[in-house]
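K.L.:
Below you will find the structure I want to go over with you.
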Amino acid sequence: MSIMLNELLSQPAVVNSCISQNRRAVKEIAAVLKSGNVSYVVTVARGTSYNATICFKYALELSAGIPVVTYTPSLTTIYNGALNYKDSLLFAISQSGMSTDTLEVVAKAKAKGCKIVGITNDRDSLLAKQSDYLLFLAAGEEQSVAATKTFFAQVCVLNMIVGEVSGNPAIMRDMEKVGEKLDDVKKLSAQIDDAAKAVKDASNFVILSRGLTMGLADETALKMKECCYKYTISYSTSEFIHGPLALIDDNARVIIIAPDGECRNDFINIATRLNLLGAKIVAFSDIKDVLNISDIKIKMPPCTRWDANLVYAMAAQLFAEHMSVRLGLNPDSPRNLKKVTITR
Ligand code: AGP
């Protein structure tokens, strides 16, 4: 078994330790966000951790109306610039706590008087030391280059913040109960393996989703690139129509991440349109009308707004891992990559 598979299968235990480790810190950070002294949040991260910030952006803006600015590190690392950070709180997310550009942005923001929320899987990391508030992922050391369980823990702890700030106890309940749905996803592993096998020879993929699961679509595209060496690009179903739709012919392979909910009609419409254009669709969904017109169907357990990213993350990670293995690759050590990446 690959380390990646072992790590992603540990996610039901990860969610429990992540919740129990962070209850108090989540309340403390939420109190700061609700104090009236913070009018917006800034996030900084790279790679998979960046994709977790996209999940957070949708969730916090939707639930609490607090704007979330995704910071582009080059503003600091290349141009030596900074925001004025007045009335803001900076969330810096790095599983290793070692990504150099994230740390540089943190140092500059601190120098400007901004308070830092650090989210990391290493309590002794530089990020942890620089943080005013620490959310510890408690996921256990992640060895596979492809981050899985730490993405999961990041989304979980950020959802906890959203629940506390918006005063919505259902979010916390969803986090506490997500393990049951993850067990259902584990049972889909053989079916997901068949799906991966069926499309593994395609050289490129489009991934579509919408709204709260867009960060996961971006993360799935990253996993397909690093584990399977497939050129994969993610779009929202609506952005996709504004030009990229021209990519579609009967050679196209499109993965749809489509949990039932507010985006239901969007998912049905795009699947119908793609089907008419001859694209081959791999659907991760619980919407009958999407599954019916898709070529490869992974019937997912019903999800809420808040647990969908976690439940679908496990299915998407299984898909990338299984495809990597089917291709004869090693998902744990993709070519050209290291666990900690040094960039500016
Ligand atoms: C994830 O699968 C990647 N290996 C990579 O993108 C990683 O997420 C990125 O380098 C950020 O690392 P960090 O979370 O340790 O800062």
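K.L.:
Return the total of residues in region 22-59 being under 16 Å from residue 310 (Cα atoms) and either β-branched (Val, Ile, Thr) or open to solvent by less than 40 Å² (accessible area, probe 1.4 Å) (or both).
P.N.:
Residues meeting the conditions: 9.
K.L.:
Let me ask something additional. Among the residues of region 263-301 satisfying the criterion of being free of Cβ contacts under 8 Å to residues at least 12 places away in the same chain and among the polar types (S, T, N, Q), which is farthest from residue 188 (Cα to Cα)?
P.N.:
265
K.L.:
Right, another one. Test residue 344 against the stated conditions and say whether it is within 30 Å of residue 105 (Cα to Cα), open to solvent by 10 Å² or more (accessible area, probe 1.4 Å) and assigned to a loop (DSSP other than H, G, I, E, B).
P.N.:
So residue 344 passes the test.
K.L.:
In region 174-267, which helices (runs of 4 or more DSSP H) lie fully inside it and hold 1 or more residues that are among the polar types (S, T, N, Q), under 27 Å from residue 57 (Cβ atoms) and open to solvent by less than 70 Å² (accessible area, probe 1.4 Å)?
P.N.:
Per the criteria, 214-228, 237-241.
K.L.:
Here is a follow-up. Return a yes/no flag: does region 310-331 have any residue that is in contact with a Leu (Cβ under 9 Å, 6 or more places away or on another chain), modelled with pLDDT under 95 and within 16 Å of the ligand (Cβ to nearest atom).
P.N.:
Scanning region 310-331 turns up at least one residue that is in contact with a Leu (Cβ under 9 Å, 6 or more places away or on another chain), modelled with pLDDT under 95 and within 16 Å of the ligand (Cβ to nearest atom).
K.L.:
If you don't mind, there's one more thing I want to ask. On the basis of being open to solvent by less than 60 Å² (accessible area, probe 1.4 Å), without any contact (Cβ under 8 Å) to a residue 60 or more places away in the chain and aromatic (Phe, Trp, Tyr), does residue 79 make the cut?
P.N.:
no
K.L.:
Shifting gears a bit: Look at residue 72 and say whether it is polar (S, T, N, Q), within 16 Å of the ligand (Cβ to nearest atom), open to solvent by 60 Å² or more (accessible area, probe 1.4 Å) and in the same structural domain as residue 92 (by TED's automatic domain parsing).
P.N.:
Details: polar (S, T, N, Q): yes; within 16 Å of the ligand (Cβ to nearest atom): yes; open to solvent by 60 Å² or more (accessible area, probe 1.4 Å): yes; in the same structural domain as residue 92 (by TED's automatic domain parsing): yes.
In short, yes.
K.L.:
Just checking, which of 94, 88 is touching a residue at least 40 places away in the same chain (Cβ under 8 Å) and under 19 Å from the mean Cα position of the chain (by Cα)?
P.N.:
After applying the criteria, what remains is 94.
The values are calculated or read from the model by the stated rules, or taken from the named source; none is laboratory data. Keep in mind that this is a model prediction, so the values were computed, not measured. Methodologically, a virtual Cβ is constructed for each residue, glycine included, from the backbone with ideal geometry; neighbour enumeration extends over all protein chains shown. Accessible surface is based on the protein model in full, side chains and every heavy atom, while ligands, DNA and RNA are left aside. Shrake-Rupley method; radii C 1.70, N 1.55, O 1.52, S 1.80 Å.
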